[in-house]
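J.: Pasting a structure here, questions to come.
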């Protein structure tokens, strides 16, 4: 697909992504873009709120493309500005988790991603991919690209985000340990295209793409171009069973476990008490939520 959007290339860089790799990569990208005679606008933002506002303003002011350097969290932020518009998104993956970029066929490594991005801008080549669109319990709306989580994984995220110690990966590991001690099935009400399923389980994931968490293939058959969401349900797992099956998520073979069921739907409604949902690893808020597939809602800069 070819797109010709006038206007400058707006660039958003997450300075914490990639443990400092960005300091060397950003000047390379900017030089490459200027060598191709693109007008470049580097967005000035010190916080996530400022970055979100800068992306929305850049699109409203006529950006020809929005390019982000970062991981899934930075991409998630950018989606809120470009989804449903003709403005294409370019991604240079430099985060801890880069699932969305990889799952829509973009290079996983930053330098090849820069090369592909420059070629796509030069040739005006893009592709359309689906997104998920969330409506939360307050009526607010949110776009997501990869996976919406509403179970043990989301509970762990919620605990880890509330902890001030320890820092880094150990905080997440401690949160997993603590939540395993408290593991219990929850009662879910799940509507799939209007059909109610009431069930007890420890995990529900809604996938627009297959993976989250840096390559965990939680919904291994999800396809971001088919207009349908993949839903994975993890049933009444014990602590031991959950620990044993977790390594299998990396290759998607967990779906063969008898307590795992898979579904497909265009519209998914989820409700359960005491669960806070996360999309692309970012906090959404307490259930209930409604998720619908939005076919072709995002234009991605993609080299041939």
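J.: If you scan segment 43-71, which residues turn out to be out of contact with any helix residue (DSSP H, G or I) (no Cβ under 7 Å at 6 or more places or on another chain) and closer than 20 Å to residue 115 by Cβ?
T.: Answer for segment 43-71, where residues must be out of contact with any helix residue (DSSP H, G or I) (no Cβ under 7 Å at 6 or more places or on another chain) and closer than 20 Å to residue 115 by Cβ: just 64.
J.: So, in segment 255-269, exactly how many residues are surrounded by 14 or more Cβ atoms within 10 Å (Cβ to Cβ) and free of Cβ contacts under 8 Å to residues at least 12 places away in the same chain?
T.: Counting residues in segment 255-269 that are surrounded by 14 or more Cβ atoms within 10 Å (Cβ to Cβ) and free of Cβ contacts under 8 Å to residues at least 12 places away in the same chain gives 0.
J.: Would you pick out the residues in segment 109-152 that are at pLDDT below 95 and within 14 Å of the chain's Cα centre (by Cα)?
T.: none
J.: Follow-up question, since we're still on this one. Considering only residues of segment 166-196 that are touching a helix residue (DSSP H, G or I) at 6+ places or on another chain (Cβ under 7 Å) and outside any helix (DSSP H, G or I), which is modelled with the lowest pLDDT?
T.: 166
J.: For segment 227-275, which residues satisfy the criterion of being under 17 Å from the mean Cα position of the chain (by Cα) and more than 27 Å from residue 181 (Cβ to Cβ)?
T.: Within segment 227-275, 227, 228, 229, 230, 231 meet the criteria.
J.: For the condition touching a strand residue (DSSP E or B) at 6+ places or on another chain (Cβ under 9 Å), within 24 Å of residue 99 (Cα to Cα) and outside the structural domain of residue 71 (by TED's automatic domain parsing), what is the one hit in 199, 229, 192, 174?
T.: Just one listed residue meets the conditions, 229.
J.: Do the conditions hold for residue 217, that is, is it under 17 Å from residue 72 (Cα atoms) and touching a residue at least 12 places away in the same chain (Cβ under 8 Å)?
T.: So residue 217 passes the test.
J.: Being touching a strand residue (DSSP E or B) at 6+ places or on another chain (Cβ under 8 Å), in contact (Cβ under 8 Å) with a residue 24 or more places away in the chain and not in a strand (DSSP E or B) narrows it down to one of 303, 294, so name that one.
T.: 303
J.: Just to be sure, is residue 232 assigned to a strand (DSSP E or B), farther than 25 Å from residue 92 by Cα, in contact (Cβ under 8 Å) with a residue 24 or more places away in the chain and in contact with a helix residue (DSSP H, G or I) (Cβ under 9 Å, 6 or more places away or on another chain)?
T.: It is true that residue 232 is assigned to a strand (DSSP E or B), farther than 25 Å from residue 92 by Cα, in contact (Cβ under 8 Å) with a residue 24 or more places away in the chain and in contact with a helix residue (DSSP H, G or I) (Cβ under 9 Å, 6 or more places away or on another chain).
The values are calculated or read from the model by the stated rules, or taken from the named source; none is laboratory data. Remember, predicted model here, so these are calculated numbers, not experimental data. So basically every Cβ, Gly included, is an ideal-geometry build from the backbone, and we count neighbours across all protein chains shown.
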